[in-house]
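Sharing a structure below in structure tokens format, with a few things to ask.
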């Protein structure tokens with residue numbers, strides 16, 4: 001759960017949808033510190049929820065994470081008429097590896113691919129890139145001709161989370 005936790009803790013998607021800050025912990029921390037479950041809403045990949053099921057309060061069942069698909073992004077690449085430079089930008093190395101795998105069949109030999117790992121600070125100038133797919137953290141740090149937001153979490157998953165939790169007033 002390490003990198004998933006890192007990605008989610010930096011994703012404005014959850015904070016904006018819930019309108020409150022989120023706290024994260026590893027599954028190892030959760031097991032070692034049972035008090036973390038008190039009042040918590042577990043939001044994690046399905047396999048993690050299954051592993052921790054005995055520790056998750058029954059009155060607040062875990063909400064499984066489902067990730068957004070990439071079909072629309074693949075279609076954008078398919079529609080590029082001229083040879084282009086396509087980039088993926090993220091705070092996650094595993095997300096960049098996934099993008100490389102997903103995009104490879106549509107990039108083929110016609111286009112070039114660049115994976116750009118966002119450091120914790122600064123802006124990135126990608127003006128030489130024709131289209132850049134950016135996660136929710138990277139999108140505001142990129143300057144480029146055409147940037148496309150990749151929302152990590154499926155919108156239906158976020159709605160499920162919202163309807164599951166009791167939202168306290170934001171402080």
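Working only within region 152-171, note down all residues that are surrounded by fewer than 19 Cβ atoms within 10 Å (Cβ to Cβ), modelled with pLDDT under 85 and in a loop (DSSP other than H, G, I, E, B).
165, 166, 167, 168, 169, 170, 171 - these are the residues of region 152-171 that are surrounded by fewer than 19 Cβ atoms within 10 Å (Cβ to Cβ), modelled with pLDDT under 85 and in a loop (DSSP other than H, G, I, E, B).
Could you check how many residues of region 15-38 are modelled with pLDDT of 80 or more and either assigned to a helix (DSSP H, G or I) or more than 21 Å from the chain's Cα centre (by Cα) (or both)?
Of the residues in that region, 12 qualify.
Another question about this same structure. Hey, can you tell me all the residues within region 20-63 that are loosely packed, with under 11 Cβ neighbours inside 10 Å and either touching a helix residue (DSSP H, G or I) at 6+ places or on another chain (Cβ under 7 Å) or in contact (Cβ under 8 Å) with a residue 40 or more places away in the chain (or both)?
Passing the criteria: 21, 34.
Of all residues in region 94-112 being over 19 Å from the mean Cα position of the chain (by Cα) and surrounded by 15 or more Cβ atoms within 10 Å (Cβ to Cβ), which is farthest from residue 150 (Cα to Cα)?
Here the residue is 111.
Of the residues that sit in region 117-130 and are surrounded by 13 or more Cβ atoms within 10 Å (Cβ to Cβ) and farther than 19 Å from residue 74 by Cβ, which one is modelled with the highest pLDDT?
117
Restricted to region 131-149, and to residues that are in a loop (DSSP other than H, G, I, E, B) and surrounded by fewer than 18 Cβ atoms within 10 Å (Cβ to Cβ), which residue is farthest from the chain's Cα centre (by Cα)?
Looking at the filtered set, the residue picked out is 145.
Another one. Applying the selection to region 42-62, what residues are more than 18 Å from the chain's Cα centre (by Cα) and assigned to a loop (DSSP other than H, G, I, E, B)?
Scanning region 42-62 gives 56, 57, 58, 59, 60, 61, 62.
Let me ask something else. What's the number of the condition residue 89 fails, among (1) out of contact with any strand residue (DSSP E or B) (no Cβ under 8 Å at 6 or more places or on another chain); (2) not in a helix (DSSP H, G or I)?
In the conditions (1) out of contact with any strand residue (DSSP E or B) (no Cβ under 8 Å at 6 or more places or on another chain); (2) not in a helix (DSSP H, G or I), residue 89 misses (1) alone.
The values are calculated or read from the model by the stated rules, or taken from the named source; none is laboratory data. Please read all numbers here as calculations on a predicted model, not as lab measurements. Backbone-built Cβ (ideal geometry, glycine too); neighbour counts: all protein chains shown.
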